[in-house]
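Student: This is the structure, below, for whatever I ask next.
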DNA sequence: CTGAAAGCGCTAACAT
DNA sequence: ATGTTAGCGCTTTCAG
């Protein structure tokens, strides 16, 4: 593998000059530049980014810890970040945390060891205090999909309370008064926040929260199915159900179908997240949009600002959700 | 940021020794090791992987070019590779090619510039000859989801012909004789291969391929919808349709539903790929499994073998597809 | 506009 | 078992 030195010799210039043309920094006379370019070509030179990073103490790389590489949720977020970083000529190093505290920490360490200029952290298992501590070490990073009060500046997330509120409000506006709720695992903050929004909407409408119409699922489709199966006993007590995510909504719809209950004619359903398949369900699912791509972009913008001091307009920490209207909600039938 | 040198001074040993404990190579006396570990801790030392890579000429990193970071197709493949690499203590550097020739080439160059020890290439736009040329340069790499004869050893892919064959065979076995086909964009090799399989199955059953029952889509759901809309005119001429992927199958099902044609009672449907949402469709889609995760794993195993000379059992180049039976196929009704 | 030279932080012989 | 010492290939002052 050819080095800068060999190129410089062939071109009859110093290695500093070669470096200059590579980084097209400083001014290099057109003629020398061509000489160098030519030499690079004949030698099949390939810039050694590792060596450059060591010397310059910059890698032009942002590390990204994601829970998983698959799934309809993380992909769009990474894509959003990637687009923004590409745009700024930075690269992205992706590592997987697998929602495991130890793995997440190791990956963060590994990324730092690789001297990433900044980190985008989509971590679920690592403690708040670990992250707070990281902030003290002056590591440039942002946290995605999680809000930690002490380092609120570092966090980019969706307004889940507002999302939960909107979902139920949409049902209320359609005329529903008796609304069941299938929550996500309540040890997760977003599950709690969405539920809070639900209760707020209810309260605002002067409706009491009814524990009999509540089921705690775990964000998986299957738990939506089970939740609805256990709720369906009192179907006379509700006309609609709000689910804390689309997977559970799909499970709930399946349960309803299995019981011969038409959606939305006999029960309206609203989901949350607007993941890809929600528009492929029957009926097409009305849901709350989780702006994954936008959050990914926003995270990238923040980290670009933090790590490279890029000025950027439009930086926000909490993004607003909105309703995607499709076919799973209708006005309640007269009973 | 503390360096190995500072650690060595604090611990009262040489920097070589510190390096030894970091890489826990060679033998280091328990006592010295603890001394070093202690010094590292008090200094908050963090290993500089960049410097190590430069010195050792190894990065322990595999570069992965993927068309996109989102989508139900690439995620599982990346996950499969990641698991296998993690297992071998190697890292993965993901870059996005966006199915654009120039971008793909640039990313491959960037990954090589970063001195990745090997590359997993899921590239669609770059030419065969570019890849063949890369092979000549002794770059350790594998190509995924694509077969190039001259470098067959470097390729890992699904047997698409066999998949296409199986799909139609399944329909034939259910008693269908008149089978429509919605293909992917025929400028893509996999679309052509799947169609070839379809024709083989037909031929084997002594059935003539009927161009009137053929539609060339583009792998998008919408084209499946349109294809079915144009096919549905001669619904009396077929009792089943095979689609070259699940998206188009979902579009076809939607068209059928819209026309009031029950699936599978009045028309059976089979897809291809078994992407996540296919089991959420109504009816649940019978399809050909594309073993994404397994292909990702296999790619990782090959590259581990190539780049690090790891011995591995079970290396294959062409993986077999199989049918996932669900609810979108039934025996044809008597007419 | 270009060259000389001192590192960047680590590894890997080679010694001891 | 540990220390010495050259680099790895590049960037970056500082001169000229």
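Student: Connecting C-alpha atoms closer than 10 Å in a GNM of chain B, tell me which of B:278, B:185, B:56 has the biggest fluctuation.
Tutor: B:56
Student: Find how many whole Å separate the alpha carbon centroid of region B:90-142 from the alpha carbon centroid of region B:145-181.
Tutor: Cα centroid of region B:145-181 versus Cα centroid of region B:90-142: 27 Å apart.
Student: Using only the Cα atoms, work out Rg/Rh for region A:264-326, with Rh taken as the Kirkwood radius, to two decimals.
Tutor: Ratio of gyration radius to Kirkwood radius: 1.20.
Student: Moving on to the next point. Need one value for B:108-114: mean number of C-beta atoms belonging to other chains within 10 Å of its residues' C-beta atoms.
Tutor: What the average comes to for B:108-114 is 4.
Student: How would you rank A:149-155, B:34-40, highest first, on the average number of other Cβ atoms within 10 Å across their residues?
Tutor: B:34-40, A:149-155
Student: Out of every Cα-Cα pair in region A:92-190, what percent are more than 16 Å apart?
Tutor: More than 16 Å apart: 63 percent of the Cα pairs in region A:92-190.
Student: Shifting gears a bit: When chain A is treated as a GNM, springs tying every alpha-carbon pair under 10 Å, which of A:142, A:28, A:103 comes out with the largest mean-square fluctuation?
Tutor: Per the Cα network of chain A with a 10 Å cutoff, A:28 tops the list.
Student: Can you give the FRET efficiency to the nearest 0.05 for residue B:58 and residue B:3, using r as the Cβ-Cβ distance and R₀ = 22 Å?
Tutor: That pair, residue B:58 with residue B:3, gives E of 0.60.
Student: Taking every residue in A:91-99, how many Cβ atoms of other protein chains lie within 10 Å of its Cβ, on average?
Tutor: Counting Cβ atoms of other protein chains within 10 Å of each residue's Cβ and averaging gives 5.
Student: Continuing with this model, one more query. I need the semi-axes of the equivalent ellipsoid of chain A: take the C-alpha gyration tensor, multiply each eigenvalue by 5, square-root it, list largest first in whole angstrom.
Tutor: Equivalent ellipsoid semi-axes, largest first: 52, 19, 16 Å.
Student: Report the convex hull volume per residue for the protein assembly as shown, counting only C-alpha atoms, in Å³.
Tutor: Looking at the protein assembly as shown, the number lands at 188 Å³ per residue.
Student: Which order, highest average first, do B:62-69, B:14-21 follow once you tally other Cβ atoms within 10 Å for each residue and take the mean per peptide?
Tutor: Highest to lowest by the protection proxy: B:62-69, B:14-21.
Student: For region A:210-282, what ratio Rg/Rh do Cα atoms give with a Kirkwood hydrodynamic radius?
Tutor: Rg divided by Rh gives 0.93.
Student: Still on this structure, please answer the following. What is the fewest-to-most order of B:310, B:188 by other Cβ atoms lying within 10 Å of their Cβ?
Tutor: Least to most surrounded, the residues fall as B:310, B:188.
Student: Between residue A:83 and residue A:310, what is the label-to-label distance in nm when each label sits 7 Å out along the Cα-to-Cβ direction?
Tutor: Going from the residue A:83 label point to the residue A:310 one covers 1.4 nm.
Student: Still on this model: Quick one: compute the contact order of chain A, relative version, from alpha carbon pairs under 8 angstrom and 6+ residues apart, as a percent.
Tutor: Answer for chain A is 17 percent.
Student: A further question on this structure: Label-point separation (nm) for residue A:51 and residue B:196, each offset 7 Å from Cα along Cα-to-Cβ?
Tutor: About 4.5 nm, to one decimal.
Student: Let me ask you something else. Suppose R0 equals 60 Å. What FRET efficiency, 1/(1 + (r/R0)^6) with r the Cβ-Cβ distance, do residue B:265 and residue B:34 give to the nearest 0.05?
Tutor: Once rounded, the FRET efficiency stands at 0.20.
Student: In addition: Can you tell me which of B:245-251, A:222-228 comes out highest on packing, and rank the rest after it, using the mean Cβ neighbours within 10 Å?
Tutor: Per-residue mean Cβ counts within 10 Å order the peptides as B:245-251, A:222-228.
Student: A further question follows. Viscosity 1.567 mPa s, temperature 4 °C: Stokes-Einstein D of region B:250-293 from its Kirkwood Cα radius, in µm² per second?
Tutor: 119 µm²/s
Student: Further question: List the residues of region A:32-72 whose backbone N lies under 19 Å from a point placed 7 Å from the Cα of residue B:136 along the Cα-to-Cβ direction.
Tutor: Taking a point 7 Å out along Cα→Cβ of residue B:136, the residues of region A:32-72 whose backbone N falls under 19 Å are A:40-46.
Student: Just want the ordering: A:168, B:59, from fewest to most Cβ atoms lying within 10 Å of their own Cβ.
Tutor: Result, fewest neighbours first: B:59, A:168.
Student: Could you tell me what fraction of 2.2 N^0.38 Å the Cα radius of gyration of region A:4-47 comes to, as a two-decimal ratio?
Tutor: 0.96
Student: Compute the angle between helix A:30-43 and the longest alpha-carbon principal axis of chain A, please, reported from 0 to 90 degrees and rounded to the nearest 10.
Tutor: For helix A:30-43, the angle is close to 80 degrees.
Student: Once Rh for region B:160-290 is found with the Kirkwood sum over Cα pairs, what is the Stokes-Einstein diffusion coefficient at 37 °C and 0.692 mPa s, in µm²/s?
Tutor: The estimated diffusion coefficient comes to 236 µm²/s.
Student: Going 7 Å from Cα along the Cα-Cβ axis for the label, what nanometre distances separate residue B:37 from the same residue across the other copies?
Tutor: List, nearest first: 5.6 nm.
Student: Turning to a different aspect of this structure: Relative contact order (percent) for region A:160-290, with alpha-carbon contacts under 8 angstrom and 6 or more residues of separation?
Tutor: Once normalised by length, the contact order is 26 percent.
Student: If you average the sequence gap of Cα pairs under 8 Å that are 6 or more apart and divide by the length of region B:107-167, what percent do you get for the contact order?
Tutor: 26 percent
Student: Among A:281, A:315, which comes first, second and so on when ranked by fewest other beta-carbon atoms within 10 Å?
Tutor: A:315, A:281
Rule-based calculations on the coordinates, nothing more; no lab input. Keep in mind that this is a model prediction, so the values were computed, not measured. Using ideal geometry, Cβ is built from the backbone for each residue, glycine included, and neighbour counts are taken over all protein chains shown.
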